[in-house]
1. Using the Kirkwood radius over Cα pairs, work out the Stokes-Einstein diffusion coefficient for the stretch 436-578 at 4 °C and 1.567 mPa s, in µm²/s as a whole number.
2. Which sequence of Thr545, Thr560 reflects their accessible areas, 1.4 Å probe, from the largest down?
3. Could you give the length gained on full extension between His489 and Asp190, defined as 0.36 nm per residue of separation minus the Cα-Cα distance, in nm?
4. Taking the DSSP beta bridges in the chain as the whole, what percent of them are antiparallel, to the nearest 5?
5. How big is the stretch 312-374 on each of its three principal axes, counting only the C-alpha atoms and giving the largest first in Å?
6. Sketch the reach of a paramagnetic label on Lys82 as a point 7 Å from Cα along Cα-to-Cβ, and name the residues of the stretch 363-377 whose backbone nitrogen lies under 11 Å away.
7. Pairs of Cα atoms under 8 Å, at least six residues apart: use those to get the relative contact order of the chain, whole percent.
8. Between the stretch 291-309 and the stretch 544-594, what's the alpha-carbon centroid distance in Å?
Amino acid sequence: MTINSLRSLSQQVLTVFVLLFCGLVATKTYAESLSALHVNGLEDGSRLGQHFHVWHDESGSADLADAIAAFRLHKFSPLKSKGSTGLQAGAFWSVFYLHNDSDKPITLNLEYVDHQLIYLSAYQRNTSAPSFLEIADLALSNPFSERLVSHQRFVVPVELGAGETYQFYFRFGSDEKGFVFPDLRLWQPDKMHYVQSIELGSIAFLVGGLALMAIISLVTGVATNDKTYYAYFVYAGTKLATWPTILGFSHMFFVREDFHWSYMSLTGAMSIMTGVIFARIFLQTKVNTPRLDYVLKFMILNAGLLALAALTRETVFSVVLITIALLLYPVLAIASLIRWYQGSKESAVYTLGWTVLIIGLFSQALRDLGLVEHTFVTYYWPVVASYSEMMVIMVAMGIHLFRLRRLKEQAELRYRSQLERAKQELEILVSERTHALEVAKSEAEKEARTDPLTGINNRRSFMAKSEAMFDSCRNRSHPMSMLMFDIDHFKKINDNHGHAVGDQALKLFATTIESEIRDGDVLGRLGGEEFGLALYSDKDTAIHTAERLRSAVERIYLNTGVVQVRFTTSIGVALMEAEESIEQLMSHADQALYKAKESGRNKAVVSAA
């Protein structure tokens with residue numbers, strides 16, 4: 001070998017060493033730009049937040065070595081959206097560091113934040129160690145018993161040495177295309193299990209509610225033979241399968257082996273299909289909104305194709321069809337609004353329920369697209385919205401049943417009436433005439449003794465009843481009292497707010513007093529804003545009653561829409577002693593009322609006579 005050859009070889013070796021050194025320095029500088037998240041073993045669901053970078057492996061075939069190479073080439077970067085990568089093909093790699101601040105080893109559970117994930121792989125190394133260890137290789141299709149932690153979402157347990165820093169690579173993958181949320185929650189294991197138990201209890205409550213609504217609808221359908229209730233029963237049944245499957249609980253408790261993501265699409269397709277079928281029957285769109293009914297038929301067809309795509313496990317086709325279904329969902333709200341406009345009261349309630357569901361699904365779409373943050377609220381809002389929709393629709397069904405029952409009763413009544421008139425027309429006419437005369441007589445008698453505005457005794461009736469009470473008490477030596485009322489400054493109410501408000505004040509006053517007295521007491525309107533009350537009572541009871549009634553009136557008010565109108569009452573109290581007639585007792589009470597008004601109003605004064 002010549003000297004020139006040796007010199008050329010040495011220069012090449014030197015160049016390689018320089019490049020390697022520069023690469024190591026650059027990699028170290030880039031790695032230091034990603035700060036470690038400090039943990040202490042007491043974490044209660046805190047997120048990685050900005051402590052991770054992601055890299056999109058578009059082919060979905062990259063392994064750990066490829067990810068490390070991509071990291072060294074600065075291909076990892078912070079997530080630009082609010083949590084989701086959007087609908088993307090391939091897989092996403094996440095890199096982050098955890099530093100144990102405590103003086104002892106700790107165990108943490110790293111929980112993937114969402115249920116829409118097919119594969120998850122995880123690798124860990126102490127930053128002082130040269131190589132990574134695979135700590136998780138999870139897949140939705142694997143038996144649930146192979147989960148590292150029994151949880152409806154993917155969870156990876158990690159151990160961190162005291163005061164040590166660890167680097168992690170996580171691979172998040174979907175079949176062909178899917179939504180990925182490359183973030184993790186950090187949990188102290190016991191705290192995670194506690195929160196999980198709350199989730200399980202809440203889902204059990206929702207499932208139980210759906211089951212109860214389904215059973216009630218089935219029983220009602222059997223009792224009424226109305227196909228609307230059968231359709232709702234099937235719809236609620238599909239919801240029972242849909243949400244537990246989508247959220248991972250079906251895999252956790254029922255289909256523990258050979259679970260596949262297509263089950264989520266299949267149950268969702270059946271829920272959409274049965275929901276639209278129920279809507280067509282409930283809203284009677286074929287007759288009342290025939291043009292929109294064609295759109296609903298297309299939605300049913302689209303849901304059927306979605307179910308077929310799920311069965312054949314066509315990912316892209318499923319995504320397209322589910323997107324079309326979600327975009328067409330508002331048509332159901334439009335149809336119910338039209339039916340409401342046409343006079344269907346139950347459709348108004350149905351509109352509310354379907355609007356709640358649409359808002360929930362819309363929030364889910366915004367979350368999946370990365371426009372809204374992935375939080376506990378946005379995660380469960382579609383589920384709660386779906387449950388609320390079912391409850392509101394159940395109310396609408398109740399209104400529907402009540403309307404049908406009323407129509408049936410009216411039809412039966414008409415039938416019986418017609419049959420009776422055909423058989424005994426003369427007797428019915430006589431009976432109707434007699435009844436009309438009795439009603440007219442009853443109404444005339446009532447009008448003769450009742451004040452038409454307040455509904456209590458008029459002056460004539462009050463005088464007759466109180467005189468009978470007076471005679472009875474005098475003959476039997478029982479105590480009797482007379483209370484005279486006057487609404488304070490009643491003229492100002494009429495002048496300031498109008499006579500309509502004044503009439504309302506009189507009604508409210510009479511209603512308030514009537515609700516506070518005994519059945520045997522006699523209340524009457526004597527004229528204008530003056531009222532009288534005759535009662536069986538001694539002096540102390542009468543004074544106590546007067547003060548209690550005065551206080552009750554002081555608390556009431558009228559809401560005119562602009563201001564609250566309050567008013568008070570002055571009361572004169574007289575105890576039957578040596579009076580020879582009810583008129584004298586009323587006169588004494590009236591004199592005491594005059595003193596109450598002269599001495600400041602809103603008080604009760606006892607007659608000195």
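1. Numbers: Rh = 16.2 Å.
Estimated diffusion coefficient is 80 µm²/s.
2. On the way: Thr545 15, Thr560 55 Å².
I get Thr560, Thr545, largest accessible area first.
3. Values: separation 299, 0.36 × 299 = 107.64 nm, distance 6.97 nm.
Stretched fully, the His489-Asp190 segment lengthens by 100.7 nm.
4. Values: 68 of 75 bridges.
Here the share of antiparallel DSSP bridges comes out near 90 percent.
5. 43, 31, 13
6. Within reach of a label on Lys82, which here means backbone N under 11 Å from a point 7 Å along Cα→Cβ, the stretch 363-377 contributes 363-364, 366-375.
7. Numbers: 955 pairs, mean separation 56.9, N = 609.
With pairs under 8 Å counted, the relative contact order is 9 percent.
8. 71
The values are calculated or read from the model by the stated rules, or taken from the named source; none is laboratory data. This structure is a prediction, so every number in the text was calculated from the model and none was measured. Don't worry about glycine lacking a Cβ; one is built from the backbone with ideal geometry, like all the others, and counts go over all protein chains shown. In case anyone asks, the SASA skips ligands and DNA or RNA and just uses the protein heavy atoms, side chains included. Shrake-Rupley method; radii C 1.70, N 1.55, O 1.52, S 1.80 Å.
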